[in-house]
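Bear in mind that the values in this text are calculations on the coordinates, not laboratory data. Treat the numbers as computed from the prediction; the structure is a model and nothing was measured. Counting neighbours? That spans all protein chains shown, and the Cβs are built from the backbone with ideal geometry, glycine included.
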Amino acid sequence: MLSAAESGILGAPYVPARSTGPASLFGLTKTKPDEIRLELTYKLSLWGLLVTMVAFGAALYAFHGDSNVLFAAMGPVTSLVGTVVGFVAGHSAGAAGKESADKRAAEAERRLRARS
């Protein structure tokens, strides 16, 4: 037997509200900001690796193994992917550090106010 909260109004099934935050937007399973940042960074890294591998395969197919042209074509792709992934990873680490510093500052200020 379902409780009143589970059965909903007039016996209709209860459907929890769908989250509309950043976690649901990107199909993430985490809810804490640090975990969301970590999961986004991980997924972006995997996508970057996939894009690089697809570009390498396409360049290998298009240039028929000519190594000089192949590496010249792959340079901009790997530079772009590395820059974007590095930017996101660095931004995630910086945001996590700022949050912990803000928490420490708030705690120190709270203790200072408690003394006076």
Starting from the Cα of Lys98, draw a straight line to each of the aspartates and glutamates and keep only those under 18 Å, dropping any in the same chain fewer than 8 residues away. Asp34, Glu35, Glu107, Glu109
Reachable aspartates and glutamates from Lys32, Cα under 20 Å, same-chain residues fewer than 8 places away excluded? Glu99, Asp102
Would you please put 66-72, 32-38 in order of how densely packed they are, using the mean number of other Cβ atoms within 10 angstrom per residue and starting with the highest? 32-38, 66-72
